[in-house]
1. Just for the range A:330-350: of the residues that are facing chain B (nearest Cβ under 9 Å) and in a strand (DSSP E or B), which one is nearest to A:Gly70 (Cα to Cα)?
2. Please identify the pairs in which a residue from the range B:703-732 that is on the phi > 0 side of the Ramachandran plot has its Cβ atom under 6 Å from the Cβ atom of a residue that is modelled with pLDDT of 95 or more, counting only partners at least 6 apart or on another chain.
3. In the range B:588-623, what residues are closer than 23 Å to B:Leu820 by Cα, of a type in the set (Gly, Ala, Ser) and surrounded by 21 or more Cβ atoms within 10 Å (Cβ to Cβ)?
4. In the range B:917-928, which residues are under 16 Å from B:Trp896 (Cβ atoms), surrounded by fewer than 20 Cβ atoms within 10 Å (Cβ to Cβ) and facing another protein chain (nearest Cβ under 7 Å)?
5. Just the residues that are open to solvent by 20 Å² or more (accessible area, probe 1.4 Å), out of contact with any strand residue (DSSP E or B) (no Cβ under 6 Å at 6 or more places or on another chain) and not charged (D, E, K, R), please, taken from the range A:253-276.
6. Here are B:Phe30, B:Phe22, B:Phe91, B:Phe51: which of them is under 23 Å from A:Ile266 (Cα atoms) and open to solvent by 20 Å² or more (accessible area, probe 1.4 Å)?
7. I want to confirm something. Restricting to the range B:530-569 and keeping residues that are of a type in the set (D, E, K, R) and either surrounded by 22 or more Cβ atoms within 10 Å (Cβ to Cβ) or touching a helix residue (DSSP H, G or I) at 6+ places or on another chain (Cβ under 6 Å) (or both), which single residue is nearest to the other protein chains (Cβ to nearest Cβ)?
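The values are calculated or read from the model by the stated rules, or taken from the named source; none is laboratory data. Quantities reported herein were computed from a predicted structural model and do not represent experimental measurements. Note: ideal-geometry Cβ built from the backbone for every residue, glycine included; neighbour counts use all protein chains shown. Ligands, DNA and RNA are stripped out before the accessible areas are found, and what is left, the full protein with its side chains, is counted by its heavy atoms. Shrake-Rupley method; radii C 1.70, N 1.55, O 1.52, S 1.80 Å.
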Amino acid sequence: MKRYSVFAIAREAMSYHLGWERAWAAPQPKKEYDAIIIGAGGHGLATAYYLGKNHGIRNVAIIEKGWLGGGNTGRNTTIIRSNYLQDPSAAIYDKALKLYEDLSQDLNYNVMFSPRGLLMLAQTHHEVRGYLRTVHANTLQGVATEWISPARVKELVPIINIDGPRYPILGALYQARGGTARHDAVAWGYARACSAMGMDIIQQCEVTGVRSENGVVKGVETTKGYIGTKKLGIVVAGHSGQVADMAGFRLPIEAVALQALVSEPIKPCMDVVVMANTVHGYMSQSDKGEMVIGGGTDGFNNFTQRGSFHHIEETLRALVETFPMISRLKMLRQWGGIVDMTGDRSPIISKTPLGNCFINCGWGTGGFKAIPGSGWAMADLMARGEPGPLAADFNMWRFREGQFIDESVAAGVAH
Amino acid sequence: MSTRLAKGGRLIDRTKTQGFSFNGKRMTGFAGDTLAAALLANDQMLVGRSFKYHRPRGIVASGAEEPNALVNLGSGSRLEPNQRTTTTELFAGLEAASQNHWPSLEFDVGVANNYVARFLPAGFYYKTFIHPRAAWKHVFEPIIRQSAGLGKAPKDRDADRYEQAYAFCDLLVVGGGIAGLQAALVAGRSGARVILLEQTAHWGGRAPVDGDVIDGKPAEAWVKDALQALGEMQNVTIRNRCKAAGVYDHGYVLADEKVADHTPGDGRPKHRLWRIRTGRIIAATGALERPLSFAGNDLPGVMLAGAVRDYTVNFAVSPGDRTVVVTNNDDAYRTAIALKEAGLEVPAIIDARASVTGALPAKARAMGIRVEAGRAVVKVKGGKRVTGVAIGLQAGEGAVLDEIGCDAVAMSGGWSPVVHLWSHCGGKLIWDEAQAHFRPDPKRPPTNHDGSAMVTVVGAANGALTAAAALADVAAQMGGEAKAEAVEEAAMEPVWIMPQGAGPALKMKMWLDYQNDVKVSDVQLAAREGYTSVEHTKRYTTLGMATDQGKLSNINGLAVLAQSLNEGIPQVGTTTFRPPYTPVTLGALAGEARDEIFQPLRRSPIHAWHEAQGAYMEPVGLWRRPYCYPKAGESHEQAVHREILNTRKAVGMLDASTLGKIIVKGPDAGRFLDMLYTNVMSTLPVGKCRYGLMCNEQGFLSDDGVVVRLTEDSWLCHTTSGGADRIHGWMEDWLQCEWWDWQVYTANVTEQYAQIAVAGPNARKVLEKLGGMDVSKEALPFMAFVEGHLGGLPARVHRISFSGELSYEIAVPASHGLALWQALIAAGAEFGVQPYGTEAMHVMRAEKGFIMIGDETDGTVIPQDLNLGWAISKKKADYLGKRGQERVYLARADRWKLAGFETLDGSVIPDGAYIPAAGHNPNGQRNTQGRVTSTYHSPTLGKGIAMGLIRGGLDRIGEVVEFTKMGGGTVQARVCDPVFYDKEGEKGNG
């Protein structure tokens, strides 16, 4: 792998950039691998990367039905934060945040992680108490967050209306280390690093079946033929239920569309990321100048990756009320991503009823921010066959036992 | 130079001049001009700067696809960034300013990027700015952010208002060109309810510009007749300036009507957003012309051939005095002919096709225009304006054979159907080799719930590009008779790069996406680096991600990608078409829901009285409730303390009208409530009240309240104020989805009744003073109710208490609420009555150890955690949550359980505080053993009291634990009984 740097660009510029090599190879599948990851989204690629980097397992294939990074990794609102309430959540999201902080250097690929600061507005007294609790919890978890006053909110977000007639802003939970990253670059950076380690990323290859013997996984049937493996990791987000079905087990997951949109680009007007859960909306401004806006999930199951309209309307009403100056901006593009929701809105990183088959899913509306931590924990689980502390609480049997990790407590809507 | 022609212009009214300004410069145009036409008429070809390299840019198109000519329109509270000059109708006093430059349009420092463009290929930022780590946030990113973005960020609140409306029809025809008009005529004559939409102010589309002849009439006359016929049909609605923005499932279409963009400030809503539900959509959305990729194709003065024709014919504006036409098809000859007919010079037509035959080229030659077949534009010369073109062989590598001086270039790479509305809901496309474009695949339409096609595409949008073909297509798909005279056109030839053998130096000057500065070389770089999926290419290069969403660039970009990959264009495929077709103003999407009517407030019947008393109100769900009633000079805290002490010592009144009230009635109502609540409600005697708990299926406590048995078959369920709608929905969910055969009816009567709590030692005296009802302990014992008249008002009086005091909750029809309140205030005056707010209520219930949903519960707490096992029936076979509560983790003995806490130093435990435990967990986090759930200063007890959850619960009474404090330190508190006040309950029972 040729290293990326400003010097490399200068060198290649002399030959019209004709000398750049592929960021990742396009191999045909081998007969067998030590490990196969189904799903070349952020979580799948990160799993493969840390399998190689942390555990020395490099005979790995990542199989992707479409194009890598084309699922929720490529269609989210790019928010990164770790101010979670419950201990297991805070642990894995903060691990992710710490890895994000060094990810560009680690991957030699600029993922544009930008810790521009993130705040969650409190607009009812109930929300105030909820966020105060989060600050106390975060302190004990070693996650630096703070409670800030409406005046400080206004200072950080000059375009905000802090005394709207409906829901005045009573303060905010602020995480200065939170921010955004370039979502596609995260997938591409991991993909390039995986490919450089000799792993095979096989795109346009759909898994159609899982083969097992005596309760232990043996390989996968795909549209490019059968591929054997010693270990299998299922990391397919919205389609987890279908792939789990192939592997012979059921998941407590449902798939719904989560809505998002961007405005036309304008000159910088908001540096931080703002989430407003009472009125259901969140917004940040991309480096390109677009206002990136997230809304709610549809109340019905679907797989279409389309936006429905009524949520967008609600979200925009809320945001125009909160940021009156956006009224004359225009919606450029609206879309939906299929998110995999568990009963407690927390993920599953778990062994499964099938031997040597592992699953990572259920990230719901908050998966992008978790990618490095999720991959780290999943790689650890796959390599050792047993979960480490980051993954232990996220086992799939917790629903049967009632040991929920319920984040909706703190963030009523999206996380 | 570009200028206004002495005559012509079918859309302008030369008798009405309109003054406007551009970058402060005063200019004039005519009524009927677009801003773009007026700018060209004033020789303002340079109108903006590109996104990345800040290259000078001019107007390219004449419609919604314009990528360059975007301006800041208006100022202050009417500033609108990124407004397309090509779709902005000119009005007197219009102010426009160009975007994305500093200090000025003519001299832009950002153009430095252009000189180092060689070092800034697609995706360069992924490969650099990596070290040192802090530099991205503090140095590189701020610079990128400043140089990116386009229009100015508005600062003020929008001065305009927006409206939303609904419409229903059998057929929605989108597009007011000849195909759309004819489709609407055919559909209208069939008697169907039809809505016809046109995004511009004008009807007829391209046909009148092209001089087509329909049914023996000039297109213009045919269009006029068609409009008249449509106007006479009662079942047809036509609406111009109204764009169908998006198609959603089940025939739902979003349309955006620009009501007052051209008459700002006239009092009408700026836009009207239509939500249309239609049986079928007829998309007659036309086609967009593609640019050609030759070096320097982005210089101001290089325009689409169709746009040049539009400006000349519609607005009598010539983009240049000498215009070179460059094309791969016959249609562009119409532009050359139109220019010539307008008395302008066309020094040459550069046609990439080796052989040029056909009627239109013959006509052009006959007019004396030089036609160069098999030739290419090698390079456009000029800086801020075209000065000439260098031409060579299309089959060559860029050797220059000739140079032609000119001040405009009209280019045409062929036409692409507008398939957005077909594709929004999943309609698929096929590649048409002959016309080199994607068009709808009739075999794979977007479908309705029953599998039928939701959208039909007709005319140019369906690949029928000429007037004759478009009307024939309408006839074939919908019937009808209209015919246009056919003008013979020879086949076009796909030309994706000009000249085809161009080397890398030329390709670095061939623009695909003008606004985002994506060039042929960038797409090739993406392919080289393995970003070979069309989505990867798009995201890596930003091709098609500008405000025109690839309307001009996508097909050209795809073709370059396909060539780089040695694949066919259909194999490469397209990116996804997303709504909206063109951007929609956020204000229009938000509609009228602004200020006070954004989520309208719910008001109790006594709301106005509270406000008049100067109550400090807090949002509770959609309600506003009095938090406290501060007197002059009193802080909120002082007011709350006064209200509590007064209630405890004399008597207080609370407006409890917001409390949820749901009537559950029917033969199976008792059985239903036994499933809903953890305790038994079916055995509650008529006339009695019982406190009940509701859990979700997981077993977690979700709501609580007092249930009242009204009659043999009806119960009144009180819910929390915030929970009323949710619990009503929850009841209906079970009744409609699971127990649909149970005979139970529910009605949410929350707003039908006002409810007032009168609490305190003097409460009975106040009611007795009002009179009309026996409210003695014997007649109305604790947890009973009576119906009758109180002070002359029909009332239901409950003996229930949330404060722990002797308390009556009086429900009256909402219309009597204020009267009762005022009567109670008057009657209570001699007994010291004062109103109290929600905060006093909270503190008093905490003093009594009563739980509060949302404080003691958070969705993870079961009743058993709150020592409420007594409210869970052991006898019932089942209730919602029972099985959930039996799961291993929920049945564990070491769960955190409710206890009281009193601080050692009398201070108040901070909201949200945790009780740390020794050591750390495997993830390095501090262990915890509990947390506070409610914490107050108790004026009754004169110290800080709290409720909380702690491992071991009441077993730990007497132990001293530490709570966290924000910013460090701890608060020590002793575990105690959570009932701090009147442990025996004598007061409430009194």
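1. At the first step, the residues of the range A:330-350 found to be facing chain B (nearest Cβ under 9 Å) are A:330-335, A:343-344.
Those still in the list that are in a strand (DSSP E or B) too: A:330-335.
Working: A:Lys330: 25, A:Met331: 22, A:Leu332: 20, A:Arg333: 17, A:Gln334: 16, A:Trp335: 13 Å.
Among them, the one singled out is A:Trp335.
2. B:Gly705/B:His718; B:Gly705/B:Thr719
3. Answer for the range B:588-623, where residues must be closer than 23 Å to B:Leu820 by Cα, of a type in the set (Gly, Ala, Ser) and surrounded by 21 or more Cβ atoms within 10 Å (Cβ to Cβ): B:Ser604, B:Ala615.
4. B:Asn921, B:Arg926
5. Just the residues of the range A:253-276 that are open to solvent by 20 Å² or more (accessible area, probe 1.4 Å), to begin with: A:253-254, A:258, A:267-269, A:271.
Still in the list and also out of contact with any strand residue (DSSP E or B) (no Cβ under 6 Å at 6 or more places or on another chain): A:267-269, A:271.
Across the range A:253-276, the qualifying residues are A:Pro268, A:Cys269.
6. Numbers: B:Phe30 fails: under 23 Å from A:Ile266 (Cα atoms); B:Phe22 fails: open to solvent by 20 Å² or more (accessible area, probe 1.4 Å); B:Phe91 fails: under 23 Å from A:Ile266 (Cα atoms).
None of the other options fit; the residue is B:Phe51.
7. Let us first name the residues in the range B:530-569 that are of a type in the set (D, E, K, R), namely B:535, B:538-539, B:548, B:551, B:567.
After this cut, where a residue has to be either surrounded by 22 or more Cβ atoms within 10 Å (Cβ to Cβ) or touching a helix residue (DSSP H, G or I) at 6+ places or on another chain (Cβ under 6 Å) (or both) as well, the list is B:538-539, B:548, B:551.
On the way: B:Lys538: 10, B:Arg539: 5, B:Asp548: 10, B:Lys551: 12 Å.
Among them, the one singled out is B:Arg539.
Table: residues versus (1) more than 50 Å from the chain's Cα centre (by Cα); (2) surrounded by fewer than 16 Cβ atoms within 10 Å (Cβ to Cβ); (3) more than 29 Å from B:Ile727 (Cα to Cα); (4) touching a residue at least 12 places away in the same chain (Cβ under 8 Å).
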{"position": "B:Ala747", "(1), (2), (3), (4)": "no, yes, no, yes"}
{"position": "B:Thr750", "(1), (2), (3), (4)": "no, no, no, yes"}
{"position": "B:Gln755", "(1), (2), (3), (4)": "no, no, no, yes"}
{"position": "B:Arg764", "(1), (2), (3), (4)": "yes, no, yes, yes"}
{"position": "B:Leu770", "(1), (2), (3), (4)": "yes, no, yes, yes"}
{"position": "B:Val775", "(1), (2), (3), (4)": "yes, no, yes, yes"}
{"position": "B:Met783", "(1), (2), (3), (4)": "no, no, no, yes"}
{"position": "B:Gly791", "(1), (2), (3), (4)": "yes, no, yes, yes"}
{"position": "B:Ala795", "(1), (2), (3), (4)": "no, no, no, yes"}
